[in-house]
Amino acid sequence: MIKSLRGMNDILEENEYKRFTYFLQVATAVAQRYGFHYIETPLLEETALFKRSVGESSDIVGKEMYQFIDKGENDVCLRPEGTAGVVRAFIQKKLDRAGGTHRFFYYGPMFRYERPQKGRLREFHQFGVESFGLDSVYEDAAMIMMVADILNELGVGYRLQLNSLGDQNCMPQYRDSLVSFIESVEEEICEDCKRRKETNPIRVLDCKNEKCQALYENAPKLINALCDGCESDFNKLKKILDANNIAYEIDTNLVRGLDYYSKTAFEFVSDNIGSQSAIAGGGRYDRLVEFLDGRPTPAVGFAMGIERLIELIEMPQEKRSGYYLGAMDDEAVDLIITTTQKKRKSDKATCEYRARNLKAHLKNADKANARYCCIIGSNELENGTIWVKDLEEKREETVKLKDF
RNA sequence: GUGGGAUUAGCUCAGCUGGUUAGAGCACUGGUUUGUGGUGCCGGGGGUCACGGGUUCGAAUCCCGCAUCCCACCCCA
């Protein structure tokens, strides 16, 4: 038997596909209410795109990409995340030169070659949005409120963690002071942190090693080193969230794993899905368009992990709907088929191809969660009528077939 | 990539220290004699016990390998 590859799942169970499609409905509707429109970009991109955007120091690019040389000798890879492709499309379409604001949402599969576990797949699905052209912190707040709206509508509980990563004015200085701090404790930190000091020093802050964490208690905090602009934006952001009743916690160690973030960084986490607890994450990435050879364009966005989310969604109760049609007589089956086809012009309608007794049909109709069970037996066939039972109201009537 | 646990019917699981045709509940399916469901009763189908080796007179049960899932590390959505 051929099985799916490790970490790659089918979404076909009732409690999966229903939640999956319901999530997309809700997320899409909310994004459209915020003025975002759909964008679809390729699953396969040039490897260089991710090296330059996500960053070579990140684990995603360093060891998790599905990368290969195609038949035209191009170095390509399956996208490990969604932002880079959208930014590439934005620049390629010269929207950076067009100016103005551009807001996109997308969803689809992402690929990372990781060791699978609960909430961590090799092929997984993200829903995300990207907003270009606005450097206003109001847009950062709008992103966060959009995530909150989606989660609230889905009945998903969360905690929001917030941080500011600074910009090109304050981040480099902070990085220098952090590096000198790390050097002062270098003897005692873990091997990973020693490596991080060289590749991406900010990342030592979210090292999970307890000993390291204890040492970093005294590390300089980025939040205290922000330049005036970053600090006032961060304060403004907090104010906006307060005014809109969005609860948050400041997490000074929240460092997003992708290199392109600056200023606002946020993460929505859940305590109910195991150790892979981040359900949405995002932030501002004002430099990324420039890094990918576009005109400098401020941008902000987020992504949500759909598989993690659907574990948490509370589905609204499903109501009976549509018609179930059945014959109790072999002679009536053809009539059932044509009647069903007629109904399908306007309503959901399913039918049974075999003649069955009434009890069996009612059982089928009930199982199909149909609202109406409609039967033609020998009596009805003779009189040109159809027997219709409303399974919810428990009412039944016999109507002329032409009026049905 | 490292360490640990699990793997028996579509699903959730039982199967004691190796011993005759591997079980249950749910699900599926058929019937339940005059045409009434979700909630009665009776019956039926379905498992090379993940896969590959080994030990043994005999393996779902013991050993080795391998795959997948789960947990932790790591990483992130």
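So, A:K63, is that one among the charged types (D, E, K, R), more than 17 Å from A:G305 (Cβ to Cβ), within 12 Å of RNA strand B (Cβ to nearest atom) and assigned by TED's automatic domain parsing to the domain that holds A:F105 or not?
When the stated conditions are applied, A:K63 passes them.
Please state which of the following conditions A:F302 fails to meet, knowing it meets all the rest: (1) in the same structural domain as A:T28 (by TED's automatic domain parsing); (2) in contact with a Leu (Cβ under 8 Å, 6 or more places away or on another chain); (3) near RNA strand B (Cβ under 10 Å from one of its atoms).
Evaluating A:F302 over (1) in the same structural domain as A:T28 (by TED's automatic domain parsing); (2) in contact with a Leu (Cβ under 8 Å, 6 or more places away or on another chain); (3) near RNA strand B (Cβ under 10 Å from one of its atoms) leaves (2) as the failure.
So which residues in region A:322-372 are surrounded by 14 or more Cβ atoms within 10 Å (Cβ to Cβ), of a type in the set (G, A, S) and more than 13 Å from RNA strand B (Cβ to nearest atom), if there are any at all?
The one that is surrounded by 14 or more Cβ atoms within 10 Å (Cβ to Cβ), of a type in the set (G, A, S) and more than 13 Å from RNA strand B (Cβ to nearest atom): A:A349.
Can you tell me which residues in region A:123-140 are under 15 Å from A:T83 (Cβ atoms) and either touching a His at 6+ places or on another chain (Cβ under 7 Å) or surrounded by fewer than 19 Cβ atoms within 10 Å (Cβ to Cβ) (or both)?
Scanning region A:123-140 gives a single hit, A:F132.
Which residues, taken from region A:181-200, are within 15 Å of RNA strand B (Cβ to nearest atom) and either buried (at least 19 other Cβ atoms within 10 Å of the Cβ) or aliphatic (A, V, I, L, M) (or both)?
A:I182, A:I189, A:C193, A:R196
Just to be sure, is A:M315 surrounded by 14 or more Cβ atoms within 10 Å (Cβ to Cβ), aliphatic (A, V, I, L, M) and touching a Gly at 6+ places or on another chain (Cβ under 9 Å)?
no
Only one residue in A:R122, A:R195 is in contact with a strand residue (DSSP E or B) (Cβ under 9 Å, 6 or more places away or on another chain) and basic (K, R), so which one is that?
A:R122
Would a scan of region A:22-30 turn up a residue that is touching a Lys or Arg at 6+ places or on another chain (Cβ under 8 Å), more than 19 Å from A:V289 (Cβ to Cβ) and at pLDDT 95 or above?
No; the residues of region A:22-30 include none that is touching a Lys or Arg at 6+ places or on another chain (Cβ under 8 Å), more than 19 Å from A:V289 (Cβ to Cβ) and at pLDDT 95 or above.
From A:R52, A:R120, A:R103, grab the single residue that is surrounded by fewer than 22 Cβ atoms within 10 Å (Cβ to Cβ), more than 29 Å from A:R33 (Cβ to Cβ) and away from RNA strand B (no atom under 13 Å from the Cβ).
Just a single option satisfies the conditions, and that option is A:R52.
Each row is one residue, and each column tells you yes or no for (1) more than 26 Å from the chain's Cα centre (by Cα); (2) touching a residue at least 24 places away in the same chain (Cβ under 8 Å); (3) closer than 23 Å to A:C170 by Cα.
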{"residue": "A:N200", "(1), (2), (3)": "yes, yes, yes"}
{"residue": "A:C230", "(1), (2), (3)": "yes, yes, yes"}
{"residue": "A:D242", "(1), (2), (3)": "no, no, no"}
{"residue": "A:I250", "(1), (2), (3)": "no, yes, yes"}
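If you check A:S275, A:S262, A:S270, which single one turns out to be of a type outside the set (V, I, T) and under 17 Å from the mean Cα position of the chain (by Cα)?
Result of the check over A:S275, A:S262, A:S270: A:S270.
What are the pairs with Cβ atoms under 8 angstrom where one residue, in region A:1-26, is in the same structural domain as A:L154 (by TED's automatic domain parsing) and charged (D, E, K, R) and the other, located anywhere, is at pLDDT below 90 and away from RNA strand B (no atom under 15 Å from the Cβ)? Sequence gap at least six, or different chains.
Here the result reads A:K18/A:M315; A:R19/A:M315, each pair linking region A:1-26 to a residue that is at pLDDT below 90 and away from RNA strand B (no atom under 15 Å from the Cβ).
Anything in region A:212-228 that is at pLDDT 85 or above and under 31 Å from the mean Cα position of the chain (by Cα)? List them, or say none.
Within region A:212-228, just A:L226 meets the criteria.
Mind counting the residues in region A:375-389 that are under 14 Å from A:D329 (Cβ atoms), in contact (Cβ under 8 Å) with a residue 24 or more places away in the chain and buried (at least 17 other Cβ atoms within 10 Å of the Cβ)?
6
Looking only at residues that are assigned to a strand (DSSP E or B) and within 8 Å of RNA strand B (Cβ to nearest atom) in region A:241-268, which one is surrounded by the fewest Cβ atoms within 10 Å (Cβ to Cβ)?
Result: A:E267.
The values are calculated or read from the model by the stated rules, or taken from the named source; none is laboratory data. This one's a predicted model, so the numbers in the text were calculated from it and none came from an experiment. In this analysis, Cβ positions are derived from the backbone assuming ideal geometry, glycine residues included, and neighbour counts consider all displayed protein chains.
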